[in-house]
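In what follows, a structure is listed as structure tokens, so that the remarks can point back to it.
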Amino acid sequence: MDLMAFGELEKLKQEINFHNYRYHVLDAPVISDVEYDRLVARLKQIEAEHPEWITPDSPTQRVGGVVSEKFAKVRHPAPVLSLANCFGVDDLKSWVERIAKMDERVRGADFVVEPKIDGLTVVLTYRDGLFVQGATRGDGEVGEDITPNLRTIRALPLRLPVDPQGLRPPALLVVRGEAFMMNKEFDALNKRLEEAGERTYLNPRNTAAGSLRQLDTGLTATRPLTLFTYAIVAADGPVPTTQWGQLQFLKALGLPVSPDVEHFSDLEGVLGAVEDWRERRDRLPYEADGIVIKLNDLDLAAELGFVGKDPRGAMAFKFPAREVTTRLADIGVNVGRTGVLTPYAMLDPVEIGGVIVKQATLHNFDYIAEKDIRIGDRVLVKRAGEVIPYVIGPVAELRTGEERVFEPPQNCPVCGQPVEHLEGEVPWYCVNLACPEQLVRNLEHFVSRGTMDIVGLGIKIVVQLVEAGLVKSPVDLYKLTKEDLLKLEGFAEKKAENLLQSIDASKAQPLARLISALGIHQVGEVLAADLARYFTDLDSLARATEEDLQMIENVGPNTAKSIVDWFARPGNREILAGFKAVGLWPVSRPASAEGESGAKTLDGLVFVVTGTLPSFSREGIKEFLQGQGAKVTDSVSKKTDYLVAGEAAGSKLDKARQLGVPVLDEAALMALIEERKQI
Ligand code: IVH
């Protein structure tokens with residue numbers, strides 16, 4: 001036998017098991033992942049050369065074990081008991097009172113408080129420190145052998161003690177614990193499943209239970225399960241006789257123990273802890289459905305005996321349930337102040353954590369589709385801490401076939417105008433400037449400093465105007481009279497006059513500001529200024545196609561669609577007509593077309609225009625070219641530098657070709673301007 005290699009193998013196994021423990025139990029690794037991987041690689045190499053040396057406690061043996069077709073039955077060495085529940089402080093006090101009447105020692109007793117982990121109970125058997133068997137609780141007498149699945153849990157030591165300096169375990173040690181999944185790992189797993197297009201899990205508990213009862217341990221190994229132990233079921237040597245002592249003992253052997261366990265010298269302390277846990281629960285990185293309160297003196301607890309299968313010496317204090325199932329009666333849609341359409345669940349009323357819940361959020365339309373939530377489904381609803389109740393997902397197994405797939409609405413449920421949904425974006429929007437749901441917010445934006453800058457028209461007055469029914473769209477601002485304003489609280493003659501004056505003054509704002517004031521999705525101040533440079537007025541902008549718009553720098557397909565969509569809404573078109581009627585109709589003076597030298601981009605060039613252009617009126621293009629410094633004449637001659645030709649161009653086009661005058665369409669014209677700007 002190659003003693004050197006054998007010695008190295010033994011050392012490697014111990015080292016790797018130790019680092020596993022540091023990482024998965026203590027959450028405090030002392031070597032890097034790379035170093036760890038190197039140790040494992042070396043171990044695998046030695047084992048490949050000497051397969052006869054592979055032992056069950058080798059860290060390489062965590063995956064690959066085979067579970068028999070049906071799980072074998074395992075008889076537990078001692079009954080794996082259950083727990084009585086209580087739901088309030090009074091219940092808890094009367095439990096202590098009850099057992100104190102049976103045994104006076106309870107009055108001076110100390111207690112241990114532990115989180116009640118919401119996972120799957122497991123019973124682990126160690127012989128001479130070696131993990132030999134793991135089973136489910138089953139009926140408390142007989143469970144199922146899931147040893148190979150449990151071996152995949154990295155927090156579970158394959159050999160005790162993990163730290164060579166640790167305590168020696170008794171020759172037989174049977175411990176009880178809970179296998180579960182950290183919330184973070186659960187979320188990550190669901191994300192992975194979602195990306196792979198697979199069905200996601202509803203909660204960490206179901207996931208843990210399902211994963212451990214997999215026949216394919218390769219699959220169990222991909223589920224990030226972990227473990228906490230909290231009791232000794234059987235031992236053939238001396239073990240501590242207090243609960244607190246046993247927890248310390250388990251920890252010293254290298255078994256994982258919850259860091260959230262506490263020891264209290266009296267009932268007062270326990271009651272304080274119960275209070276603390278109301279909030280503390282929300283900060284736990286794993287799910288707990290309550291806390292367990294245990295008499296610390298285990299001999300005393302044993303003497304008190306049982307009620308059925310429940311020991312008298314311990315009590316579960318259940319937190320109010322945060323997840324329940326109920327029927328999804330229908331799906332409604334809200335419109336927020338930003339125009340975002342948000343679906344919500346209309347539920348058959350159900351109590352969650354002491355509150356009757358009738359509605360829950362469904363986040364967005366993509367969420368409904370991804371989770372395949374259907375109207376009529378039984379759904380799992382969660383209410384945690386401060387969070388608004390939300391639908392986790394359907395319980396698809398309970399479908400009757402009567403369920404209906406939900407279709408997102410094509411029109412805003414408030415104003416009835418068509419909604420907008422941009423490719424690749426999650427939200428659906430109502431983009432109607434006058435949508436009652438968004439009116440206050442849209443007006444606020446419209447009058448604000450960076451847009452129409454109507455001095456003296458703050459949010460309070462906006463709300464007053466809307467509430468009085470005086471303003472139903474921004475156009476109405478320009479129709480206000482002194483009489484209207486005097487009806488409002490806080491308005492006297494002078495204030496009314498001043499406001500009317502500043503509203504009127506805003507008509508002189510340049511086109512860029514009006515475009516920005518419209519609140520078109522993805523069109524901020526900068527882009528509004530760009531648009532005002534290309535288009536002479538709102539009519540010419542309204543005529544632009546997505547293609548036209550995309551020729552402008554910084555305008556991508558989504559922005560172009562957003563602009564076109566906005567102008568396509570009948571309600572918005574009405575507003576434009578209204579602006580024109582009240583004299584709010586700025587025409588752009590493209591001052592910013594000046595190059596750095598101060599010279600204009602088309603300075604000295606002679607242009608002729610013919611035909612219909614996509615985004616300019618006849619007058620508009622003339623003004624635009626002049627704004628760029630060009631001279632615009634009516635007929636083509638040798639002096640003409642460029643002919644700008646649109647659709648249905650006639651004789652001027654022929655003439656230009658004859659004379660060799662370059663012909664530009666709108667796109668080419670814009671390109672020319674861009675090019676000359678660079679000079
Ligand atoms: S003590 C006699 N402690 O809760 C001892 N149980 O309703 C009885 N559980 O499925 C169990 N965390 O597995 C105890 N810290 C904890 C626990 C805990 C979770 C589970 C237990 C059982 C259920 C009892």
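Normalised by the number of residues in segment 529-679, what is the relative contact order in percent for Cα pairs under 8 Å and 6+ residues apart? Each step should come with its number before you reach the end.
Working: 212 pairs, mean separation 36.5, N = 151.
Reported as a whole number, the value is 24 percent.
Would you mind computing Rg(Cα) / (2.2 N^0.38 Å) for segment 196-285, counting N as its residues? Mind dumping the intermediate values first?
On the way: Rg = 17.8 Å, N = 90, 2.2 N^0.38 = 12.2 Å.
This ratio for segment 196-285 stands at 1.46.
A simple charge model with +1 on the Cβ of Lys and Arg, -1 on the Cβ of Asp and Glu and nothing else charged puts the dipole of segment 296-407 at about 280 debye relative to its Cα centre. With contacts taken as Cα pairs under 8 Å at a separation of at least 6 residues, segment 299-368 carries a relative contact order of 22 percent.
In vacuum, with every alpha carbon of segment 1-122 counted as one equal point scatterer, what does the Debye formula give for log10 I(q)/I(0) at q = 0.21 Å⁻¹? Two decimals, please. Taken in order of the listed q values, log10 I(q)/I(0) reads -1.23.
Measuring nothing but how far apart in sequence close Cα pairs (under 8 Å, 6+ apart) lie, relative to its length, segment 94-143 scores a relative contact order of 20 percent. Placing unit charges on the Cβ atoms only, positive for Lys and Arg and negative for Asp and Glu, gives segment 550-679 a dipole magnitude near 320 debye about its Cα centre.
Applying D = kT/(6 pi eta Rh) to segment 116-231, where Rh is the Kirkwood radius over alpha-carbon pairs, T corresponds to 20 °C and eta to 1.002 mPa s, the Stokes-Einstein value obtained is 144 µm²/s.
Dipole check for segment 193-321: with +1 at the C-beta of Lys and Arg, -1 at the C-beta of Asp and Glu, and the Cα centre as origin, the magnitude is about 320 Debye. Each peptide in 200-207, 118-125 receives the mean, over its residues, of other Cβ atoms within 10 Å, and ordering these scores from highest gives 118-125, 200-207. In straight-distance terms, cross-link reach from residue 482 covers every one of the lysines whose alpha-carbon lies under 20 Å from its own, apart from those fewer than eight places away in the same chain; here that gives 460, 472, 494, 495, 507. Multiplying each eigenvalue of the alpha-carbon gyration tensor of segment 374-453 by 5 and taking the square root yields semi-axes of 36, 18, 11 Å, largest first, rounded to whole angstroms.
If one computes P(r) from the Cα atoms of segment 309-384, what percent of pairs lie at distances over 13 Å? The share of Cα pairs beyond 13 Å in segment 309-384 comes to 70 percent.
Return the calculated 222 nm mean residue ellipticity for the chain, to the nearest 500 deg cm²/dmol, obtained by summing -39500 (n - 2.57) across DSSP H runs with n ≥ 4 and dividing by the residue count.
Values: 25 runs with 252 residues, N = 679.
Using -39500 (n - 2.57) per qualifying helix, the result is -11000 deg cm²/dmol.
Compute the whole-percent fraction of alpha carbon pairs in segment 536-679 spaced more than 26 Å apart. Cα-Cα pairs in segment 536-679 separated by more than 26 Å: 30 percent. On a per residue basis, the convex hull of the C-alpha atoms belonging to the chain measures out at 275 Å³. Measuring between alpha carbons in the structure, the pairs from 101/294; 184/382; 11/294; 382/561 lying more than 28 angstrom apart are 11/294; 382/561. Annotation: cysteines of the chain without a disulfide-compatible partner (Cβ-Cβ under 4.7 angstrom) are 86.
Two-decimal Rg/Rh of segment 477-587 from alpha-carbon positions, Kirkwood Rh? Could you put the intermediate results ahead of the total?
Values: Rg = 16.5 Å, Rh = 15.3 Å.
Answer for segment 477-587: 1.07.
Each value in this text was obtained by applying a stated rule to the coordinates, not by laboratory testing. What you see is a predicted model; the values in this text were computed from it and never measured. Heads up, the Cβs are rebuilt from the backbone with ideal geometry, glycines too, and the neighbour counts pull from every protein chain shown.
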